[in-house]
1. Quick one: would you say A:P82 is over 28 Å from A:I173 (Cβ atoms) and within 16 Å of the chain's Cα centre (by Cα)?
2. For region A:102-124, which residues satisfy the criterion of being surrounded by fewer than 17 Cβ atoms within 10 Å (Cβ to Cβ) and in a loop (DSSP other than H, G, I, E, B)?
3. Of all the residues that make up region B:181-216, how many are at pLDDT 90 or above, open to solvent by 20 Å² or more (accessible area, probe 1.4 Å) and in contact with a helix residue (DSSP H, G or I) (Cβ under 6 Å, 6 or more places away or on another chain)?
4. Could you tell me whether B:A129 is hydrophobic (A, V, I, L, M, F, W, C) and in contact with an Asp or Glu (Cβ under 8 Å, 6 or more places away or on another chain)?
5. Looking at region A:159-172, is at least one residue touching a Gly at 6+ places or on another chain (Cβ under 7 Å), polar (S, T, N, Q) and modelled with pLDDT of 90 or more?
6. Can you tell me which of B:T154, B:T142, B:T163, B:T181 is on the phi < 0 side of the Ramachandran plot and not in a helix (DSSP H, G or I)?
7. Restricting to helices (runs of 4 or more DSSP H) lying wholly in region B:25-121: which have 3 or more residues that are among the hydrophobic types (A, V, I, L, M, F, W, C) and touching a residue at least 24 places away in the same chain (Cβ under 8 Å)?
Amino acid sequence: MSRRIQPLALIALLFTTAAHADEVQIAVAANFTAPAKLIAADFEKATGHKAQLVFGATGKFYAQIKNGAPFEVLLAADDTTPAKLEKEGAAVAGTRFTYATGRLVLWSAKPAVVDDKGEVLKKGGFDHVSIANPKLAPYGAAAVEALTALKLLDAIQPKFVQAENIAQAHQFIATGNALIGFVALSQVMKDGKIGEGSAWIVPANLHQPIKQDAVILDKGKGKPAAEAWLKFLKGDKAKAVIKSFGYEV
Amino acid sequence: MLSSVNLASDLGAVWLTFKLATVVTLLLLLIGTPIAWWLARTRSWWKGPVGAVVALPIVLPPTVLGFYLLLLMGPNGVIGQFTLWAGIGLLPFTFGGLVVASVFYSMPFVVQPIQNAFEAMGDKPMEAAATLRASPLDAFFTVAVPLAKPGFLTAAILGFAHTVGEFGVVLMIGGNIPDKTRVVSVQIYDHVEALEYGQAHWLAGGMVVFSFLVLLALYTLNPTGRRK
């Protein structure tokens with residue numbers, strides 16, 4: 001029996017370190033992966049706190065948070081999930097704010113496929129259009145709205161390949177399996193311009209603004225590191241990073 | 001509660017899953033039997049490496065398999081360039097693509113039971129058949145296959161059930177297209193993600209019942225364990 005106790009003690013030790021006060025557990029929407037990493041590095045340097053980032057789909061985070069996930073802050077891909085969590089008492093009231101407004105982009109990993117007016121959607125020449133599941137992902141829903149506004153939904157919809165989230169939508173295109181698709185501008189923007197391939201930034205008036213809200217969750221209530229993170233996210237340094245990835249702040 | 005549109009979409013996923021598992025099981029019995037025969041009887045140095053490759057999907061996370069299949073079947077991958085050359089087009093996001101992926105994924109669950117059955121049979125029945133002047137092929141079908149019947153039954157049931165339970169690979173290469181690649185497991189995942197727990201329940205509960213019945217059938221119908 002005593003042999004079993006040692007590994008258990010080790011595991012317990014691991015958990016105690018993970019729950020250290022100077023660490024903040026943050027659930028981050030997949031589209032915000034790259035900027036969040038940069039901001040976290042700056043945050044750690046500036047405050048001494050450690051930011052533990054977890055990336056994923058906002059809908060999944062919602063279910064996990066409601067079922068006791070240890071996240072202290074949520075950076076959502078939408079504004080409805082944080083509002084819903086606040087209403088249901090799972091988030092701290094009054095901490096919610098829009099940290100970024102996302103831009104939708106029609107993107108191909110190949111150069112000269114997507115023109116700067118999105119005419120490729122009318123011309124065709126592609127078998128698949130990659131899109132994040134509109135039922136689950138705000139960028140997917142925005143893409144459907146934009147196609148509806150352009151009166152192209154009926155023509156394009158049969159070519160949809162749906163990804164679980166915006167990161168996978170990007171992967172379908174990056175691997176060449178879908179020639180074009182709708183992703184977040186932040187995923188294809190590098191140093192203020194489109195990094196690779198060809199893209200059309202979908203005009204913001206074609207869809208509802210993709211407001212991404214942050215909120216402190218129940219588990220982060222009164223935690224200095226969680227509050228420090230939100231404050232840092234509102235600061236100029238973080239804003240500059242967010243803007244450099246094509247978000248509006 | 002359940003609207004008729006959602007019900008139709010759920011039933012479409014159930015039917016597609018059934019179709020996929022049936023096609024994959026039949027293909028695997030065709031492809032897996034010669035592999036199992038060879039693995040059971042060869043003394044070649046290659047037995048180890050081939051057996052290990054066949055068993056890989058048991059150990060590998062489906063995401064690894066799905067990721068590499070996505071790359072290999074894409075326009076820059078070896079399989080993708082072959083299918084483009086053959087005029088089939090690209091496999092990801094198609095039913096054919098799911099079949100190919102599932103054949104890899106469920107291979108060990110079909111090959112191993114058949115291989116075990118062939119190994120348990122030993123050399124003697126085939127030698128006896130040969131002394132009676134049966135050709136090797138004749139002996140294979142009239143002696144080896146009937147003797148290995150429990151192995152085939154196990155292989156078919158496990159291959160079918162494992163394909164029904166497939167998720168990670170389909171998620172990586174499927175593209176969630178209704179009636180083409182949206183299988184039950186993906187549909188359940190979508191329902192859960194969209195917080196449609198009611199709909200998730202009837203599909204997920206159905207999967208639990210189905211899996212239990214399949215395994216129950218396997219353990220009651222198949223007396224392999226008790227025979228020896």
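1. Criteria met by A:P82.
2. Listed by number, the residues that qualify are A:K110, A:P111, A:A112, A:D115, A:D116, A:K117, A:E119, A:G124.
3. 3
4. The answer is yes for B:A129.
5. Within region A:159-172, one or more residues are touching a Gly at 6+ places or on another chain (Cβ under 7 Å), polar (S, T, N, Q) and modelled with pLDDT of 90 or more.
6. Just one listed residue meets the conditions, B:T181.
7. Fully inside region B:25-121 and qualifying: B:47-59, B:62-73, B:95-121.
A quick yes/no check of all residues on (1) surrounded by 23 or more Cβ atoms within 10 Å (Cβ to Cβ); (2) more than 13 Å from chain B (Cβ to nearest Cβ); (3) within 18 Å of A:D115 (Cβ to Cβ):
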residue: A:L153; (1), (2), (3): no, yes, no
residue: A:V161; (1), (2), (3): yes, no, no
residue: A:I166; (1), (2), (3): yes, yes, no
residue: A:L206; (1), (2), (3): no, yes, yes
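The values are calculated or read from the model by the stated rules, or taken from the named source; none is laboratory data. Everything numeric in this text was worked out from a predicted model, so none of it was measured. Positions of Cβ are backbone-derived with ideal geometry, glycine not excepted, and every protein chain shown enters the neighbour counts. Surface areas here come from the heavy atoms of the whole protein model, side chains and all, with no ligands, DNA or RNA. Shrake-Rupley method; radii C 1.70, N 1.55, O 1.52, S 1.80 Å.
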